[in-house]
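S.K.: Structure provided below as structure tokens; questions to follow.
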Amino acid sequence: MATATAVAAQLPKDETLRCWERDQAQLKADVIEQDTEEWQSNPSFSGLERVGGVDLSYVKGEDTSACASLVVLSYPDLEVLYEDCRMVVVDAPYVAGFLAFREAPFLVEAVRRLEERQPGLRPQVLLADGNGILHHRGFGIACHLGVLTGLPCIGVAKNLLQVDGLANNELHKEQIQDLQAGGDTFPLLSISGRILGMALRSYTKSTKPVYISVGHKMSLQSAVRLVHSCCKYRVPEPIRQADIRSREYIRKHAEGTSAALSRPVRMSEDADSEQ
DNA sequence: GCGACAG
DNA sequence: ATCTTGTCGC
């Protein structure tokens, strides 16, 4: 089993990237792109009871202050069973193709915390913001999270990562226009003809698709069906809830911070003058 | 110079 | 990711 050792924020940039590439290559050896759980093989996913979603939201001005969130929803009802939001200090920079080295450590930690506190609520599959094997080196954040947590994982990207011949060109736009109803899809093919992922019209009222790719321990067919079955709106509910709750947490955290800043100033003279 | 750039 | 309110339309 490979280990993610690159904490290389202090090293020179190309040194850091080489380090990250090496870690991606090592972890990639452990990716499984086939269904590995019983529930994945039946049409209604019977046996599937918990779906997880993770996300990071950033504090508006800052580049290092963020809220990492993990939610677990019931399936198929999509009710929130578990929520974990926590402020974190993000040290690694965002570099396209290396998103996982910036965000995954906090998300993996959140999964570990859940396993310790509420092992019975461990999700059976995890949805991640971003891509799986649809990636420059075939190892996006959904693969990264899957390997490090051991969970089946699906990548759901809101924008197309243009790699391996994939492009947001006229052909692509035509293919999008051909998606008529919710549930319609078209494959995302690499230059060599391999299927890297699927564009899915996840919500009838939204023209813009989401881009689904395999993360870990799951086939693309299962991934697409599962994501679609988790959609009340364009973004699948587990990720949407993680997103909503991490933003809300930041909003409240900001109030608490400003209150804490103004309070000590008053305290010295407020003790007797307050009603 | 121009386009790309998951989050 | 974030800057950003209301608004026009199905």
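S.K.: Please state the Cα pair-distance histogram of region A:101-244 with 10 angstrom bins from zero: what percent is in each bin?
M.R.: 12, 43, 33, 10, 2
S.K.: Quick one: dipole size for region A:74-232, taken about the Cα centre, charges +1 on Lys/Arg Cβ and -1 on Asp/Glu Cβ, in debye to the nearest 20.
M.R.: Working: 16 positive and 15 negative charges, 20 e Å.
In total the dipole reaches around 100 debye.
S.K.: Compute the helix-to-body angle for A:13-28: its Cα long axis versus the longest principal axis of chain A, expressed 0 to 90° and rounded to tens.
M.R.: 60 degrees
S.K.: I need the fraction of alpha carbon pairs in chain A separated by more than 23 Å, rounded to a whole percent.
M.R.: 55 percent
S.K.: Which whole-number percentage describes the relative contact order of region A:13-251, with Cα contacts under 8 Å and a sequence gap of 6 or more?
M.R.: Details: 523 pairs, mean separation 55.5, N = 239.
Computed value for region A:13-251: 23 percent relative contact order.
S.K.: Put +1 on the Cβ of every Lys and Arg and -1 on every Asp and Glu Cβ in chain A; which of A:253, A:143, A:200 then has its Cα farthest towards the positive end of the dipole?
M.R.: Farthest towards the positive end: A:200.
S.K.: Report, in whole Å, the centroid distance computed from the Cα atoms of region A:106-136 and region A:199-241.
M.R.: Going from one Cα centre to the other spans 17 Å.
S.K.: Residues of chain A: accessible area per residue at 1.4 Å, in Å²? Write out the running numbers ahead of the final one.
M.R.: Numbers: 13800 Å² over 275 residues.
With all protein chains present, chain A gives 50 Å² per residue.
S.K.: How do A:58, A:75, A:233 stack up against each other in accessible area, from largest to smallest, with a 1.4 angstrom probe? Don't skip to the end; give the middle numbers.
M.R.: Values: A:58 75, A:75 30, A:233 105 Å².
Result of the area sort, largest leading: A:233, A:58, A:75.
S.K.: Mind telling me which of A:86, A:117, A:225 comes out most flexible in a GNM of chain A, alpha-carbon contacts under 10 Å?
M.R.: Comparing A:86, A:117, A:225 in a Gaussian network model of chain A, the most mobile one is A:117.
S.K.: To continue, here is another question. Give me the dipole magnitude in Debye, nearest 20, for chain A about the Cα centre, with unit charges on the beta carbon: positive for Lys and Arg, negative for Asp and Glu.
M.R.: Working: 30 positive and 36 negative charges, 96 e Å.
I would put it at about 460 debye.
S.K.: Please express the shape of region A:131-203 as an equivalent ellipsoid: the semi-axes are the square roots of 5 times the eigenvalues of the C-alpha gyration tensor, given largest first in whole angstrom.
M.R.: In descending order, the three semi-axes are 23, 15, 9 Å.
S.K.: Add -39500 (n - 2.57) for each DSSP H run of 4 or more in chain A, then divide by its residues: what number comes out at 222 nm, to the nearest 500 deg cm²/dmol?
M.R.: Numbers: 6 runs with 96 residues, N = 275.
Mean residue ellipticity, 222 nm, calculated: -11500 deg cm²/dmol.
S.K.: Counting other Cβ atoms within 10 Å of each Cβ, which chymotrypsin sites (Phe, Trp or Tyr not before Pro) in region A:131-213 have at most 15 and sit in a DSSP loop? The partial results should precede the final answer.
M.R.: On the way: sites: A:139, A:203, A:211; in loops: A:139, A:203.
Taking region A:131-213 and a limit of 15 other Cβ atoms within 10 Å, no loop chymotrypsin sites (Phe, Trp or Tyr not before Pro) are found.
S.K.: Through the Karplus equation 6.51 cos²θ - 1.76 cosθ + 1.60, θ set to phi - 60°, convert the phi angles of region A:124-134 into ³J(HN,Hα) values in whole Hz; use x for Gly and Pro.
M.R.: Going residue by residue, I get 8, 7, 10, 9, 10, 6, x, 9, x, 6, 7 Hz, with x marking Gly and Pro.
S.K.: Determine the order of A:213, A:41 by accessible area, beginning with the largest, at a probe radius of 1.4 Å.
M.R.: Ranked list, largest accessible area first: A:41, A:213.
S.K.: Kindly express, to the nearest 10 degrees and within the range 0 to 90, the angle between helix A:237-270's C-alpha long axis and the longest C-alpha principal axis of chain A.
M.R.: That works out to roughly 10 degrees.
S.K.: Quick one: what Rg and Dmax do you get for region A:161-200 from the alpha carbons, in Å?
M.R.: When restricted to Cα atoms, region A:161-200 yields Rg and Dmax of 10.2, 29 Å.
S.K.: Hey, another quick one. For region A:26-111, which GluC sites (Glu not before Pro) are in a loop by DSSP, counting at most 12 other Cβ atoms within 10 Å? Don't skip to the answer; put the middle values down first.
M.R.: On the way: sites: A:33, A:37, A:38, A:49, A:62, A:79, A:83, A:103, A:109; in loops: A:33, A:37, A:49, A:62, A:79.
Those that pass, being in a loop and sparsely packed, are A:62, A:79.
S.K.: I've got another one for you. Rounded to a whole number, what % of the accessible area of region A:13-251 do carbon and sulfur atoms account for, probe 1.4 Å?
M.R.: With neighbouring chains kept in place, the figure for region A:13-251 is 48 percent.
S.K.: Of A:173/A:217; A:173/A:232; A:28/A:205; A:60/A:158; A:60/A:208; A:60/A:217, which ones are farther than 28 Å apart at the Cα?
M.R.: Details: A:173/A:217 31 Å; A:173/A:232 24 Å; A:28/A:205 37 Å; A:60/A:158 20 Å; A:60/A:208 26 Å; A:60/A:217 35 Å.
Beyond 28 Å between Cα atoms: A:173/A:217; A:28/A:205; A:60/A:217.
S.K.: Let me ask something additional. To the nearest 10 degrees, how steep is helix A:220-229 against the longest Cα principal axis of chain A, on a 0 to 90 scale?
M.R.: Roughly 50 degrees, rounded to the nearest 10.
The values are calculated or read from the model by the stated rules, or taken from the named source; none is laboratory data. Please read all numbers here as calculations on a predicted model, not as lab measurements. A quick note on method: Cβ atoms are made from the backbone with ideal geometry, for glycine too, and the neighbour counts reach across all protein chains shown. Remember, those area values only see protein heavy atoms, side chains included, never the ligands or the DNA or RNA. Shrake-Rupley method; radii C 1.70, N 1.55, O 1.52, S 1.80 Å.
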